Amino acid sequence: MADFPVPAPGAAAGDPPVSAALLAYALFGAAAVVALVSSGFPAVAPLMGLVGIAGLIVAYVKRGDAQGTWVASHFTWLIRTFWYSLLWGAIGAVFAVTIVGLIVAIPIWAVASIWVIYRVIRGYLLFKDSKPIPGA
């Protein structure tokens, strides 16, 4: 006899995982703020702390549940935000250990941090209006 998955109580089949997306936005936002408050501009990627990684895990785990809904673009947006943040943080770190040093690395990290905050705010503003991210 085949077992079929039973939807959670109170959730209709096909409902987008709105709560999980809201949690991911909250974790990403908290990670960006913590990174900025703790040490000015972070020395690596703004979302590399445990809170940012937790947001990434939520986004990856719930992305499959969101397929075909307006929430799917938000998970893609957040996942890309994390990985590009990590890329720019690593590029800054490479500059920090070379002859050019912190003169180039600090502006890279500063711009990456501001970019992350922009993406979290922009995504959340569309999210609260139940709109997908255009082009994501």
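None of the figures in this text is laboratory data; all of them are computed from the coordinates on show. Predicted model only: the values in this text are computed from it and were never measured. As a convention, Cβ positions derive from the backbone with ideal geometry for all residues, glycine included, and neighbour counts pool all protein chains shown.
When only alpha carbons are used to place a centre, the range 104-136 and the range 43-99 end up 11 Å from one another.
Compared with the alpha-carbon gap, the fully stretched path from T76 to S130 is longer by 17.9 nm at 0.36 nm per residue. Given R0 = 22 Å, the distance between the Cβ atoms of A110 and S19 translates into a calculated FRET efficiency of 0.10. Rounded to the nearest whole Hz, the Karplus-based 3J(HN,Hα) values (6.51 cos²θ - 1.76 cosθ + 1.60, θ = phi - 60°) of the range 90-95 follow the sequence 5, 4, x, 5, 4, 4, with x at glycine and proline. A prolate overall shape is assigned to the range 83-130, the ratio a/c of its alpha-carbon gyration tensor axes (a ≥ b ≥ c) being 1.5 or greater and a/b exceeding b/c.
By how many nm would the segment from R122 to I99 grow when fully extended, if each residue of separation counts as 0.36 nm and the alpha-carbon distance is taken off? Full extension from R122 to I99 adds 4.7 nm.
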